[in-house]
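Q: Structure below; questions to follow.
The numbers here are math on the coordinates, done by the rules we state, and not lab data. The model shown is predicted, which means the values in this text are computed figures rather than measured ones. Note: ideal-geometry Cβ built from the backbone for every residue, glycine included; neighbour counts use all protein chains shown.
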Amino acid sequence: MGLSSYSTTPLEDVASQGGGNPYAMQMCVLKDRSITLQLLERAEKAGYKALFLSVDVPVLGKRLNEYRNNYQLPEDMQWPNILSDGKDTSDRTDYG
């Protein structure tokens, strides 16, 4: 199974449920390279065995349907993999 770095579930929690299954991490190289490195280290420590590196365009495309429908992400959306150091995922209220 491949897990996106933008998943709304911490990568450690996903791996802990897998019963030893091999996991892969999908990610893009982030502007802040220290976050990219931290994410790679967390995935390795959690037992992820492969990396899927997305190397497409670094600019979000124009999504006309989202524009027409005034789409917005929910205010309570969490990004626990890219906005957390992964040290403690037991408190789901603060990933900063």
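Q: I'd like to compare 65-71, 47-53: which one has the highest average count of other Cβ atoms within 10 Å, and what's the full order after that?
A: 47-53, 65-71
Q: Using the Cα centre of the stretch 12-82 as the reference point, and only Cβ charges (+1 on K/R, -1 on D/E), how large is the resulting charge dipole? Debye, rounded to the nearest 20.
A: 280
Q: Hey, another quick one. Which whole number in µm²/s is D for the stretch 1-71 by Stokes-Einstein, with the Kirkwood Rh taken over Cα pairs at 37 °C and 0.692 mPa s?
A: 240
Q: Hey, if you put +1 on the Cβ of every Lys and Arg and -1 on every Asp and Glu Cβ in the stretch 11-71, which of Gly19, Ala43, Ser54 ends up farthest toward the positive end of that dipole?
A: Value computed over the given set: Ser54.
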